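J.: Below are the structure tokens for one structure; questions will follow.
The values are calculated or read from the model by the stated rules, or taken from the named source; none is laboratory data. Since we're looking at a predicted model, the values are computed, not measured. Quick reminder, even Gly has a Cβ in these numbers, built from the backbone with ideal geometry, and neighbours come from all protein chains shown.
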């Protein structure tokens, strides 16, 4: 699905060779400042590499229209955007931006259940806690049904038990729908329990995983 060859970005990343497989759960781990989020951002062109090549489904990433790419490869940052309005408004706004049809309240309820957000859909989103906002944003991108989920620490504000439940639901959703999940995580336990492949980044280089190791 993704192939990176001789990719460099400033003094943050220097990746000789990395492959990320389709329809798999890939966890990216490493110390703070190692380049994990930067790597994730390269995959849907939020930033562009200084050199090297990134291939997505056999096409050079730079040749793919950015808007079309981001409809197919959706990224959720660690601190997600929450918009004015209700929980329902926030769930539907992703579909609006992506020009996709709205879904029923029943579908919205199922998504809220999946992310363990037991709230009235008409409640103001800004009243939610940090962890609840993170879950709301996760539900929003689940509704988009992209081919690839790029998640940057999607459960960093959650307690360990809630984190385990939500990641389990997300992984199940990804596998049942034949999607791909690439997730930066601070939790080695989450990576070990759920990942098909673990990519370890050290000081901007790939230390292990992804079918390659940078020497």
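J.: Has segment 97-109 got any residue that is closer than 12 Å to residue 136 by Cα and out of contact with any strand residue (DSSP E or B) (no Cβ under 9 Å at 6 or more places or on another chain)?
T.: As a first pass, look at segment 97-109 and keep what is closer than 12 Å to residue 136 by Cα: 108-109.
Narrowing the set further to residues that are out of contact with any strand residue (DSSP E or B) (no Cβ under 9 Å at 6 or more places or on another chain) leaves 108-109.
Yes; the residues of segment 97-109 include at least one that is closer than 12 Å to residue 136 by Cα and out of contact with any strand residue (DSSP E or B) (no Cβ under 9 Å at 6 or more places or on another chain).
J.: In segment 178-202, what count of residues is obtained for those that are in a loop (DSSP other than H, G, I, E, B), modelled with pLDDT of 95 or more and over 14 Å from the mean Cα position of the chain (by Cα)?
T.: Initial filter on segment 178-202 (in a loop (DSSP other than H, G, I, E, B)): 178-179, 185-187, 195-196.
Those left that are additionally modelled with pLDDT of 95 or more: 178-179, 195-196.
Remaining after also requiring over 14 Å from the mean Cα position of the chain (by Cα): 178, 196.
Summing the residues that are in a loop (DSSP other than H, G, I, E, B), modelled with pLDDT of 95 or more and over 14 Å from the mean Cα position of the chain (by Cα) in segment 178-202 gives 2.
Yes/no matrix, rows are residues, columns are (1) more than 24 Å from residue 45 (Cα to Cα); (2) touching a helix residue (DSSP H, G or I) at 6+ places or on another chain (Cβ under 8 Å):
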site	(1), (2)
132	yes, no
145	no, no
149	no, yes
161	yes, no
200	no, no
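J.: Every residue in segment 80-93 that is part of a helix (DSSP H, G or I) and either more than 25 Å from residue 37 (Cα to Cα) or in contact with a strand residue (DSSP E or B) (Cβ under 8 Å, 6 or more places away or on another chain) (or both), please. Step through it out loud before you land on a result.
T.: Step one: of segment 80-93, the residues part of a helix (DSSP H, G or I) are 87-93.
Selection gives 87, 88, 89, 92.
J.: Looking at residue 117 and the list (1) over 21 Å from the mean Cα position of the chain (by Cα); (2) under 13 Å from residue 142 (Cβ atoms), which single condition is not satisfied?
T.: (1)
J.: Next question, about the same structure. Filter segment 3-15 down to residues that are touching a residue at least 60 places away in the same chain (Cβ under 8 Å) and touching a strand residue (DSSP E or B) at 6+ places or on another chain (Cβ under 6 Å) and give me whichever is surrounded by the fewest Cβ atoms within 10 Å (Cβ to Cβ).
T.: This residue is 14.
J.: Is at least one residue of segment 56-63 at negative phi, under 18 Å from the mean Cα position of the chain (by Cα), modelled with pLDDT of 95 or more and surrounded by 13 or more Cβ atoms within 10 Å (Cβ to Cβ)?
T.: Pass one, segment 56-63, residues at negative phi: 56, 59-63.
Those left that are additionally under 18 Å from the mean Cα position of the chain (by Cα): 56, 61.
Now narrow it down to the ones that are modelled with pLDDT of 95 or more: 56, 61.
Subset that is surrounded by 13 or more Cβ atoms within 10 Å (Cβ to Cβ): 56, 61.
Yes - at least one qualifying residue is present in segment 56-63.
J.: Among the residues of segment 18-52, which ones are assigned to a strand (DSSP E or B) and touching a residue at least 60 places away in the same chain (Cβ under 8 Å)? Steps first, please.
T.: Keep residues of segment 18-52 that are assigned to a strand (DSSP E or B), which gives 18-20, 25-29, 51-52.
18, 19, 20, 25, 26, 27, 28, 29 - these are the residues of segment 18-52 that are assigned to a strand (DSSP E or B) and touching a residue at least 60 places away in the same chain (Cβ under 8 Å).
J.: Right, next: Whether any residue in segment 59-79 is in contact with a strand residue (DSSP E or B) (Cβ under 6 Å, 6 or more places away or on another chain) and farther than 27 Å from residue 134 by Cβ is what I want to check.
T.: Within segment 59-79 (the criterion being in contact with a strand residue (DSSP E or B) (Cβ under 6 Å, 6 or more places away or on another chain) and farther than 27 Å from residue 134 by Cβ), the answer is yes, since at least one residue qualifies.
J.: Quick one: residue 74 ticks every box in (1) within 27 Å of residue 196 (Cβ to Cβ); (2) more than 20 Å from the chain's Cα centre (by Cα); (3) buried (at least 16 other Cβ atoms within 10 Å of the Cβ) bar one, so which box is it?
T.: So residue 74 meets the others, but not (2).
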